[in-house]
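In what follows, a structure is listed as structure tokens, so that the remarks can point back to it.
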Amino acid sequence: MRSRLYLALAAAAALWIAPATASPAPPGVRKLHVEGGAVHAAVGASSKQVRLTLDPDLQRAAERLLARSGAPEGAIVASDVRTGRILVWASRGKRDYVATPLAPSASLFKIVTAAALLEAGKVNVATPVCYTGGMSAITARDLQGRGATCTVFGEALGRSINGVFARLAGQHLTAADLRRKARDLGFDGEVPIDVPVAPSAAQIPDDALGLARAGAGFWSGRLSPLGALFAMQTIANDGERVRLSLLAPPGAQAGGDAAAPRSTDGRGLRPEVARTLRSMLEVTTRRGTCAKAFRKPDGTRALGTMPVAAKTGTLVGGNPSRMFSWFASFAPSDRPEIAVSVMLANDIAWRTKANLVGRELLEIYFGRKRPGPVARRR
């Protein structure tokens, strides 16, 4: 059964052949342990243990979710979007995959394309777009003619319609436009954080077909889960690039104050563009690519009526072969508190996908804040 599911995914995704090894990366975060109600770890090349901003209970929950996923490699990272404080930094595999650009950015790159199109004033949520093909690849023929299927741009991101983004990128954007917006959102280069991390890399061809494919999320570079988190946090903050912090300030007490003061690193999006992206990303969990993951077996919505902004992505390839699965989100989308990024590099016989893992972490986070047998979050 798993093999049939894998083949179905492979048919619906572009075949992306990854390098055998990821790009060079700093040693990352190692040997995490809880002491005195706080999380400590060795960071970078040093073996010295330092205190981190992580939430001990949420960190343990994320580690359990990763272990249960069964993915050979994976990572979960979460932040308080209001301060940039890192709440979770969990990795599975031989390296610290939170800050390693192992996986292709896949359909998450559509966020970059959508942002560039909106900022250029080329589209709005009501813009009609017709397209053809694009289910598992983008060909030159897919970009010709009027297109057989039509939708509006406001639905295309949440439903992850490859043909829409390929056509619009080819018609209205240059490779420089995409590269610039990729850097603004954390898809290219290092994100602003107080520890050494490996840079993500956006690879945008200059030729028309290559540009269209990259705009739709095919072969558009490699992204770290930290980069995906930073993109969602930036959108949640109305386009403001809030710096991330993993190192607790000297003298910080155990509890909710283990974070440096909020600090910004300029602006990645105009506020009105960020708000439009937020509404488009809400489609993902309501009626888009992970609407099913946000429904419980009895048909009720996970997290109740809380609006959640999210983007998913899936690509198959690599050596050894992997089914790369992404989920990046923030919630509540109308009053953002937490951003979550999940990457699973699944084997052929996979157990779960990133959207389910991400949803479960959100449920754990918000479940602690509700009255009842679960303790309130401090």
- Item | Residue in the stretch 118-131 that is open to solvent by 10 Å² or more (accessible area, probe 1.4 Å), within 25 Å of residue 321 (Cα to Cα), of a type outside the set (Val, Ile, Thr) and at pLDDT 95 or above present | no
Flag for residue 166 being touching an Asp or Glu at 6+ places or on another chain (Cβ under 7 Å), in a helix (DSSP H, G or I) and crowded, with 23+ Cβ neighbours inside 10 Å: yes
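Restricting to the stretch 141-163, and then to whatever is within 23 Å of residue 355 (Cβ to Cβ) and aliphatic (A, V, I, L, M), can you tell me which residue is most open to solvent (accessible area, probe 1.4 Å)?
At the first step, the residues of the stretch 141-163 found to be within 23 Å of residue 355 (Cβ to Cβ) are 151, 153-163.
Now narrow it down to the ones that are aliphatic (A, V, I, L, M): 156-157, 161.
Working: 156: 0, 157: 0, 161: 22 Å².
So, considering only residues that are within 23 Å of residue 355 (Cβ to Cβ) and aliphatic (A, V, I, L, M), the one most open to solvent (accessible area, probe 1.4 Å) is 161.
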Within the stretch 132-154, the count of residues that are closer than 23 Å to residue 315 by Cα and in contact with a Cys (Cβ under 8 Å, 6 or more places away or on another chain) comes to 0
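Every residue, every condition in (1) within 20 Å of residue 231 (Cα to Cα); (2) part of a strand (DSSP E or B); (3) of a type in the set (Ser, Thr, Tyr), yes or no:
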position: 112; (1), (2), (3): yes, no, no
position: 115; (1), (2), (3): yes, no, no
position: 133; (1), (2), (3): no, no, no
position: 147; (1), (2), (3): no, no, no
position: 160; (1), (2), (3): yes, no, yes
position: 204; (1), (2), (3): yes, no, no
position: 211; (1), (2), (3): no, no, no
Looking across the stretch 69-84 at residues that are open to solvent by 10 Å² or more (accessible area, probe 1.4 Å) and not basic (Lys, Arg), the single one that is nearest to residue 278 (Cα to Cα) is 80
Checked pairs for the stretch 92-105, first on the phi > 0 side of the Ramachandran plot, second open to solvent by less than 50 Å² (accessible area, probe 1.4 Å) and part of a loop (DSSP other than H, G, I, E, B), C-beta under 9 Å and 6 or more apart or across chains, list as 93/71; 93/72; 93/102
Expected single match for closer than 30 Å to residue 321 by Cβ and touching a residue at least 24 places away in the same chain (Cβ under 8 Å) among 87, 52, 32, 58 is 32
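On the basis of being modelled with pLDDT of 95 or more and either buried (at least 18 other Cβ atoms within 10 Å of the Cβ) or in a helix (DSSP H, G or I) (or both), does residue 228 make the cut? Show your work before the answer.
Values: modelled with pLDDT of 95 or more: yes; either buried (at least 18 other Cβ atoms within 10 Å of the Cβ) or in a helix (DSSP H, G or I) (or both): yes.
So residue 228 fits the description; yes.
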Inspect all residues belonging to the stretch 312-320 and state whether any of them is modelled with pLDDT of 90 or more and open to solvent by 10 Å² or more (accessible area, probe 1.4 Å). yes
Filtering the stretch 52-64 down to residues that are touching a Gly at 6+ places or on another chain (Cβ under 9 Å) and surrounded by fewer than 22 Cβ atoms within 10 Å (Cβ to Cβ) yields 56
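Going by the conditions given, is residue 209 among the aliphatic types (A, V, I, L, M), over 20 Å from residue 266 (Cβ atoms) and open to solvent by less than 10 Å² (accessible area, probe 1.4 Å)? Give the steps one after another, and end with the answer.
Numbers: among the aliphatic types (A, V, I, L, M): yes; over 20 Å from residue 266 (Cβ atoms): yes; open to solvent by less than 10 Å² (accessible area, probe 1.4 Å): no.
No; evaluated as a whole, the condition is false for this residue.
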Among the residues of the stretch 184-202, the number that are in a loop (DSSP other than H, G, I, E, B) and closer than 12 Å to residue 109 by Cβ is 3
In the stretch 269-291, residues that are within 15 Å of residue 330 (Cβ to Cβ) and open to solvent by less than 20 Å² (accessible area, probe 1.4 Å) total 9
Taking the stretch 262-297 and keeping only residues that are assigned to a loop (DSSP other than H, G, I, E, B) and either more than 16 Å from residue 310 (Cα to Cα) or touching a strand residue (DSSP E or B) at 6+ places or on another chain (Cβ under 7 Å) (or both), one is left with 262, 263, 268, 269, 270, 289, 290, 294, 296, 297
Note on the stretch 40-76: residues among the basic types (Lys, Arg) and assigned to a loop (DSSP other than H, G, I, E, B) are 48
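Return the residue satisfying two criteria in turn: it lies in the stretch 85-109 and is of a type in the set (D, E, K, R) and in contact with a strand residue (DSSP E or B) (Cβ under 7 Å, 6 or more places away or on another chain), and of such residues it is most open to solvent (accessible area, probe 1.4 Å). Give the derivation first.
Here is the first cut: in the stretch 85-109, the ones of a type in the set (D, E, K, R) are 85, 92, 94-96.
Within this subset, residues satisfying the condition of being in contact with a strand residue (DSSP E or B) (Cβ under 7 Å, 6 or more places away or on another chain) are 85, 92, 96.
Values: 85: 17, 92: 75, 96: 17 Å².
Among those that are of a type in the set (D, E, K, R) and in contact with a strand residue (DSSP E or B) (Cβ under 7 Å, 6 or more places away or on another chain), it is 92.
The values are calculated or read from the model by the stated rules, or taken from the named source; none is laboratory data. Every value quoted in this text rests on a predicted model; they were computed, and no experiment measured them. Please note: Cβ atoms are built from the backbone with ideal geometry, for glycine as well, and neighbour counts cover all protein chains shown. Remember, those area values only see protein heavy atoms, side chains included, never the ligands or the DNA or RNA. Shrake-Rupley method; radii C 1.70, N 1.55, O 1.52, S 1.80 Å.
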